[in-house]
1. Tell me, what is the percent relative contact order of the chain, built from C-alpha pairs under 8 Å that lie six or more residues apart?
2. Put ASP8, ASP50, ASP72 in order of accessible area, largest first, 1.4 Å probe: what do you get?
3. Translational diffusion coefficient, Stokes-Einstein: compute it for the chain using the Kirkwood radius over C-alpha pairs as Rh, at 20 °C and 1.002 mPa s, and state it as an integer in µm² s⁻¹.
4. Nearest 20 debye, what's the magnitude of the dipole of the chain about its Cα centre given +1 on Lys and Arg Cβ and -1 on Asp and Glu Cβ?
Amino acid sequence: MLFLSAQDFASYFLWQINVCLSNLNSKNISKEKIHVLFATHTGQKFFPEDQVLLRQIQKNARVFYYEDNRKDKVILRL
């Protein structure tokens, strides 16, 4: 089984993912079974604090980045 998390690359989500990974790692789930997908945006700024969290995340999960280059980023609400 794989554990997948997908969200924007933002400070708020980095903190949440770090907490989630801490819990998964406490259950002895290996890094190879945890995949974290971050959507990045053109011109996005990265803060030093984010880099600290990202390094911790990369120690505990496989991390992937995809640029969100959609022209219309409206969220569908049901």
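1. 38 percent
2. Of ASP8, ASP50, ASP72, the descending order of accessible area is ASP72, ASP8, ASP50.
3. Result for D is 160 µm²/s.
4. The dipole magnitude comes to about 180 debye.
The values are calculated or read from the model by the stated rules, or taken from the named source; none is laboratory data. Quantities reported herein were computed from a predicted structural model and do not represent experimental measurements. Please note: Cβ atoms are built from the backbone with ideal geometry, for glycine as well, and neighbour counts cover all protein chains shown. Accessible surface is based on the protein model in full, side chains and every heavy atom, while ligands, DNA and RNA are left aside. Shrake-Rupley method; radii C 1.70, N 1.55, O 1.52, S 1.80 Å.
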